[in-house]
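S.K.: First the structure, which I've put down as structure tokens, then a few questions once you've had a look.
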Amino acid sequence: MAVAGCASLLLIALQLAGPCGAAATALPVVINTWAFRKATETAWRTLQLGGSELDAVEKGCGQCEIDQCDGSVGYGGSPDESGETTLDAMIMDGNTMEVGAVADLRHVKNAIGVARKVIEHTKHTLLVGESASLFAVRMGFPYEDLTTQRSLSMYSRWLNQSCQPNYWKNVVPDSSKSCGPYKRLEKVSFEEETISQRNVHNHDTIGMVVIGKSGTVASGTSTNGGVHKIPGRVGDSPIAGAGSYADSTAGGAAATGDGDTMMRFLPSYQAVEYMRMGTDPTVACQKVISRIQKHVPKFFGAVICANTTGSYGRLQITLQLEFHLLPNLTCFDCLCCLKHKKL
């Protein structure tokens with residue numbers, strides 16, 4: 001099964017002009033991972049109404065938090081192994097290189113909004129856990145329950161399946177058969193994870209790149225993380241250079257997939273650096289995915305890239321370990337574009 005088939009998709013893009021499905025050079029441009037079209041349209045509309053690129057990223061990712069995109073973004077999805085939904089998000093200004101991020105955020109729904117406040121009201125980059133929630137409340141965000149009937153049902157089913165799958169290894173009792181509680185195994189052994197243990201929807205995220213008319217770049221991410229993750233786990237999404245990266249002198253990139261693997265390679269940062277050297281965005285995406293695969297052959301994920309001229313590229317690697325460059329797309333394939341249309 002692929003990470004995403006052409007019908008389900010990798011990339012939504014909106015451009016002011018240019019041939020549909022082509023990597024045109026018209027600006028502005030909004031691209032994001034997965035088929036979260038409403039989020040893309042919200043970001044585009046924000047630009048058309050005079051908002052900044054950072055505003056567009058915040059509103060676009062925030063739309064996915066409201067819509068609970070694919071159950072993998074926002075409240076009421078991906079309960080951890082204690083049954084709680086927690087959120088990760090980041091936003092980056094490609095002009096100032098400032099980053100605001102939150103991780104393991106609890107009881108606050110608008111994670112990308114809180115991340116924006118980290119830039120605006122602190123000298124820090126990343127806030128985590130309950131302390132991040134307290135900061136959010138001080139910034140005026142409501143303190144709310146992120147649990148829903150859906151997330152409770154997911155958690156209950158998982159418990160009834162002996163907590164399978166989970167993220168433990170080298171523990172007793174056997175984590176492949178029991179819910180624990182676990183203790184460390186004295187003799188640590190190498191245990192290779194099989195593809196069958198993975199679930200594509202454990203790792204979905206919205207990653208967004210916005211490039212304004214003048215070439216100004218902003219990027220951001222939002223996710224509720226891996227389903228049944230160990231409490232306290234933080235993936236790639238709120239890590240600058242991993243989940244996304246923006247530099248108005250080169251371009252922007254965002255990643256989605258197996259975050260525990262992707263964060264080790266900073267694929268978004270690397271993709272932007274390739275584009276800085278003149279590499280085509282699609283080739284930049286391919287190069288960073290290839291680098292990861294050399295070390296982790298069973299890795300799966302995707303990267304989107306856009307340079308400051310508005311050219312963009314995208315690449316995903318499927319569970320069959322095949323590259324999908326998605327060339328020559330039309331509006332009916334994996335890439336959607338709006339041509340000469342004001343929203």
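The values are calculated or read from the model by the stated rules, or taken from the named source; none is laboratory data. Here the structure is a predicted model, which means the values were calculated and not measured. Reconstructed Cβ throughout: ideal geometry from the backbone, glycine too, with neighbour counts over all protein chains shown. When the accessible area is computed, the model is the full protein with side chains, heavy atoms only, and any ligands, DNA or RNA have been set aside. Shrake-Rupley method; radii C 1.70, N 1.55, O 1.52, S 1.80 Å.
S.K.: Probe 1.4 Å, all protein chains in place: accessible area of Trp168 in Å², nearest 10?
M.R.: 80
S.K.: Enumerate the amide H contacts of Asp80 below 5 Å, restricted to partners 5 or more residues apart or on another chain; note that Pro and chain-start residues carry no placed amide H.
M.R.: The list, which skips near neighbours in sequence, is Thr85, Thr86, His228.
S.K.: Could you report the accessible area of Glu81 in Å², rounded to 10, computed with a 1.4 Å probe on the protein chains as they sit in the structure?
M.R.: 50
S.K.: Turning to a different aspect of this structure: Quick one: of Lys109/Lys298; Lys59/Lys213; Lys177/Lys229; Lys38/Lys213; Lys38/Lys109; Lys183/Lys294, which pairs are farther than 23 Å apart, Cα to Cα?
M.R.: Pairs exceeding the cut-off: Lys109/Lys298; Lys183/Lys294.
S.K.: Oh, and also: Express the carbon and sulfur contribution to the solvent-accessible surface of segment 87-150 as a percent, rounded to the nearest whole number, probe 1.4 angstrom.
M.R.: Of the solvent-accessible surface of segment 87-150, carbon and sulfur hold 52 percent.
S.K.: What nm value, rounded to one decimal, do you get for the distance between Thr96 and Ser290 when each label is placed 7 Å out toward the C-beta?
M.R.: Rounded to a tenth, the inter-label distance reads 3.8 nm.
S.K.: How would Lys287, Lys187 line up by accessible area, probe 1.4 Å, largest first?
M.R.: Highest to lowest solvent-accessible surface, that is Lys187, Lys287.
S.K.: Could you tell me the distance between the Cα centroids of segment 111-129 and segment 132-184, to the nearest Å?
M.R.: 24
S.K.: Tell me, what ³J(HN,Hα) does each residue in segment 247-264 have, in order and in whole Hz, if you take phi through Karplus 6.51 cos²θ - 1.76 cosθ + 1.60 with θ = phi - 60° and put x for Gly and Pro?
M.R.: Result, rounded to whole Hz: 8, 5, 8, 9, x, x, 8, 8, 10, 8, x, 6, x, 5, 7, 4, 5, 6.
S.K.: Ignoring ligands, DNA and RNA, what accessible area per residue does segment 103-165 give at 1.4 Å, in Å²?
M.R.: 54
S.K.: Quick check: residue separation of Gln164 and Thr147 times 0.36 nm, minus the Cα distance between them. What number comes out in nm?
M.R.: Result for the pair: 4.1 nm of gain on full extension.
S.K.: Right, another one. What accessible area per residue, rounded to a whole number of Å², is obtained for segment 231-272 using a probe radius of 1.4 Å?
M.R.: Per-residue value: 24 Å².
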